[in-house]
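Just below is one structure, and these are the notes that go with it.
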Amino acid sequence: MEKLSIKAKTENLDSVTEFIESQLAPLDLPMRTQMQINLAVEELFVNISYYAYAPGEGMAVIAVSLTDDRRIIITFMDSGKPFNPLEKDDPDISTPLEDRRIGGLGILMVKKSMDNVSYAYRDGQNILTIEKRIED
């Protein structure tokens, strides 16, 4: 398992993306899978950057591992305010755009594009994990 510890600031998104891509490069993933992972990573890191420590700053740790059964596991950890984004109701995407409440669309995209998304709060840390199976 490789880890990146970085300030949770949106200007560090490129560094996070480069870290993830460097870890996944040897896997030669299909473009669709790589794009789904990149989108999920962006959404989750930006959310941590905006909300976990507001109005202050803090660190985020991103860990990447590959299981023997060909699943990519990416875990995001922060010591910010406890928050489980999976407890929020999914937005009703059938409602006209002008009638929708703001928020929730990004985490919905993460849930739809990943094979598993889980959350835990342990030892003062938010721990959000996404999993994606590598298709042959």
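No value in this document is a laboratory result; all are computed from the given coordinates. Given the structure is predicted, the values throughout are model-derived calculations rather than measurements.
In table form, for the structure just shown:
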read-out	value
Whole-number Å³ per residue for the convex hull built on Cα positions in the range 2-133	124
Residue 58 long-range amide H proximity, modeled H, under 5 Å	8
The chain: Lys pairs at Cα distance under 17 angstrom, eight or more positions apart or on different chains	6
